[in-house]
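The values are calculated or read from the model by the stated rules, or taken from the named source; none is laboratory data. No experiment lies behind these values; they were computed from the predicted model shown. Cβ coordinates were reconstructed from backbone atoms using ideal geometry, including for glycine residues, and neighbour counts include every protein chain displayed.
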Amino acid sequence: MINNLLGSYNVDKTGCRPGAAIFISGTGSNAECLLETREQLGGKWVPSVIVTDFPEKSRAAEIARRFGLPLAALSIKEFYLQHGEKSVTLFTESGRHIRELWTGELRKQLAQYDIAFGILAGFVSLSNITGDFPCLNVHPGDLTLEENGRRVLAGLHAVPIENAILRGLTTLRSSVILAQPYTGAGGGMDSGPVLGVSPECEIDMMGAETGILREIAAARPARKPAGGHKDLLEKIALHNQDRLKSRGDWIVFPPVVADFASGRFGHDPEGSLYYDSDGRWIRIRTIEYSSAGRKLII
């Protein structure tokens, strides 16, 4: 039996479109792309609320005003300070406890809205809200690449791109996954089904040699400094992450969200991924979305 990934929401109900909460931490460019293209892709879902963990610096309020949407804002930085922690962290028991308290407060704010699923559109703060309803996340790396059953381009922020560069890869892809609840210090969130990938995007090495970048990586401290490493490898990775938005994120994210909201993704009891192609469930590994359409990867 194939179960729909959208869960118990009745996608067959005539005229009923699932509501989505859109989570933003920064510029919100991915959210804007989703909202701007939603009707072009059939209006399969409706935005219910814009959510932000960084009201101090994000464009969440601006985007909410532009599209006439309510805003749910809960500063994670201020929340940690109010609970006696100077830094936002998951590396301590206290930090993880505060994160759960923060998530609980966020749940209270969201309870008034009709939310069938979430869209993590550049949302920094890991949260187990992903266990409350399905949450789609766009990731700067090809999560179908594995070694010994492990996804080699998992990780937060620009880490997947750094790893791709250090491995000598010449191209990148964006992946859209069903995000999982985090464990420990944040692992496991990238382990969910890979619903779609973008076309390949060439890595711009900015004239640097891979060997030099590997030396830079080897000389780094064990723990990332506050504010980042600020070295050449990080500079190149951030540059490519920015390039990947228009060449990857904005190509794959909108149609995956539309297909998900239409109930076209499913799974069997063993967890295998399926796609509804003209009323027939087909077992897939993922789908490549491009300007040419969908290519099912079996």
Criterion violated by SER246 - all others in (1) touching a residue at least 60 places away in the same chain (Cβ under 8 Å); (2) within 18 Å of the chain's Cα centre (by Cα); (3) not in a strand (DSSP E or B) satisfied: (1)
Identity of the residue in segment 8-39, farther than 24 Å from LEU126 by Cα and at pLDDT 95 or above, that ends up surrounded by the fewest Cβ atoms within 10 Å (Cβ to Cβ): GLU39
Of (1) at pLDDT below 95; (2) farther than 30 Å from TRP281 by Cα; (3) in a helix (DSSP H, G or I), ALA237 satisfies every one except (1)
Among what's in segment 222-248 and is aliphatic (A, V, I, L, M) and within 17 Å of ALA208 (Cβ to Cβ), pick the residue that is surrounded by the fewest Cβ atoms within 10 Å (Cβ to Cβ). LEU232
Per the list (1) out of contact with any Asp or Glu (no Cβ under 6 Å at 6 or more places or on another chain); (2) modelled with pLDDT of 95 or more; (3) within 30 Å of CYS201 (Cβ to Cβ), residue check on LEU126 breaks on (2)
Can you tell me how many residues in segment 157-200 are in contact with a strand residue (DSSP E or B) (Cβ under 8 Å, 6 or more places away or on another chain) and surrounded by fewer than 18 Cβ atoms within 10 Å (Cβ to Cβ)? 5
Go through segment 130-186 residue by residue and tally those that are in a loop (DSSP other than H, G, I, E, B), aliphatic (A, V, I, L, M), out of contact with any Lys or Arg (no Cβ under 8 Å at 6 or more places or on another chain) and closer than 20 Å to ASN30 by Cβ. 5
Select from segment 89-108 the residues that are in contact (Cβ under 8 Å) with a residue 40 or more places away in the chain and closer than 15 Å to VAL49 by Cβ and list them in ascending order. LEU106
Within segment 191-200, is there a residue that is under 21 Å from ALA121 (Cβ atoms), in a helix (DSSP H, G or I) and touching a residue at least 12 places away in the same chain (Cβ under 8 Å)? yes
Residue count for segment 201-225, restricted to those that are touching a residue at least 12 places away in the same chain (Cβ under 8 Å) and either among the aliphatic types (A, V, I, L, M) or not in a loop (DSSP other than H, G, I, E, B) (or both): 12
Out of (1) at pLDDT below 95; (2) within 17 Å of SER175 (Cβ to Cβ), what's the single condition that is false for ALA226? (2)
Do we have THR52 as within 22 Å of PHE133 (Cα to Cα) and of a type in the set (Ser, Thr, Tyr) here? yes
